[in-house]
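Here's the structure we're looking at; comments come further down.
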Amino acid sequence: RHDDLRRFFVEELINALKGFSPQLVAYRHGTIGATGSRETFAIEDNVKKLVLKVSWKRGASMTFRVTKDGVDVTSGGRFINGPFYKIFVIDLPKRSINARGNWQVRISGKARTRYETAAIVDGSRINYDALFETKTGRVGAPLDLIVRLTRGKLPMRPGTRVNIQLLSPTMDAKQIAATIPTRNLPNFEPGLSIDQRRMLRVSSDPTKWRALKWRRQILTVRPNDKGEFRTQFTPRTPGIHTVLITIEGDDPRLGRFSRALSVTTAVRRP
């Protein structure tokens, strides 16, 4: 789906810039209503920079204003405008504007137009990551996922909520690729095998790509006193498995916060 692809693009951007400490607060998508749309993000204390992004399909047009705890703070930041996106950037604290509180994006545009929005912070004291204990998995063998979350070097309080959604293929991509006649295979690069050319054809053919169905599953996590949240699942189909993670909490020093990230793993046949 295009929504998932755009979300992954934002998260990969965050991952690429991790040395500079940006963090994805949340990613959302929706449709503009008759009187516009609003998206609210809880931002914690000590954040040094906040970025709010709205994007849309080429050919459409949108604008937005920003409020913090109900007060319009649009003039406190600056905008970066593009052909299909608009980005608001504000350095914090600024005059009477502090980071902690509810920040709202108020979007205006043609009704029923789809949009994507994201909030990104820099300079936070929250640290988080997610990883699989093994780099690759095999069908029928359990896979363990670990999410780590701390404030500085201290574990977060037990009330923090971590939600994990697993996206698994329901069909083996190689089975779909095997139905493609050899005569229909373009030669993308010299030296590629027939199987490699078939897999590339699947990824570039919208009809074949739509044949790849995905199953969504909610995974239960187990927290411990080290700031870790663990879960496990057993893949039944080979291919790429993606985990979408959302974190929500209320720290006594920082206030309410949220984070979002995703990780993937390749699962092979037994």
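What residue, of Val47, Val54, is out of contact with any Lys or Arg (no Cβ under 6 Å at 6 or more places or on another chain) and among the aliphatic types (A, V, I, L, M)? Please lay out each step first, then the result.
Details: Val54 fails: out of contact with any Lys or Arg (no Cβ under 6 Å at 6 or more places or on another chain).
Going through Val47, Val54 in turn, just one is out of contact with any Lys or Arg (no Cβ under 6 Å at 6 or more places or on another chain) and among the aliphatic types (A, V, I, L, M): Val47.
Among the strands (runs of 3 or more DSSP E) lying completely within the stretch 37-85, list those that include at least 2 residues that are open to solvent by 20 Å² or more (accessible area, probe 1.4 Å) and at pLDDT 95 or above. It would help to see each step written out before you state the result.
On the way: elements: 37-43, 49-56, 62-68, 78-81.
Result: 37-43, 62-68.
Hey, can you tell me all the residues within the stretch 156-180 that are open to solvent by less than 50 Å² (accessible area, probe 1.4 Å), hydrophobic (A, V, I, L, M, F, W, C) and either assigned to a loop (DSSP other than H, G, I, E, B) or closer than 28 Å to Arg269 by Cβ (or both)?
Met156, Ile164, Leu166, Leu167, Ala173, Ile176, Ala177, Ile180
Among the residues of the stretch 86-113, what is the count of those that are over 19 Å from the mean Cα position of the chain (by Cα), surrounded by 15 or more Cβ atoms within 10 Å (Cβ to Cβ) and within 17 Å of Ala34 (Cα to Cα)?
Result for the stretch 86-113: 4.
Regarding the stretch 233-256, can at least one residue be identified that is among the hydrophobic types (A, V, I, L, M, F, W, C), over 30 Å from Lys68 (Cβ atoms), touching a Pro at 6+ places or on another chain (Cβ under 9 Å) and open to solvent by less than 20 Å² (accessible area, probe 1.4 Å)?
Within the stretch 233-256, one or more residues are among the hydrophobic types (A, V, I, L, M, F, W, C), over 30 Å from Lys68 (Cβ atoms), touching a Pro at 6+ places or on another chain (Cβ under 9 Å) and open to solvent by less than 20 Å² (accessible area, probe 1.4 Å).
The values are calculated or read from the model by the stated rules, or taken from the named source; none is laboratory data. Because the structure is predicted, anything quoted here is derived from the model rather than measured. Neighbour counts run over all protein chains shown; Cβ positions are idealised from the backbone, glycine included. In case anyone asks, the SASA skips ligands and DNA or RNA and just uses the protein heavy atoms, side chains included. Shrake-Rupley method; radii C 1.70, N 1.55, O 1.52, S 1.80 Å.
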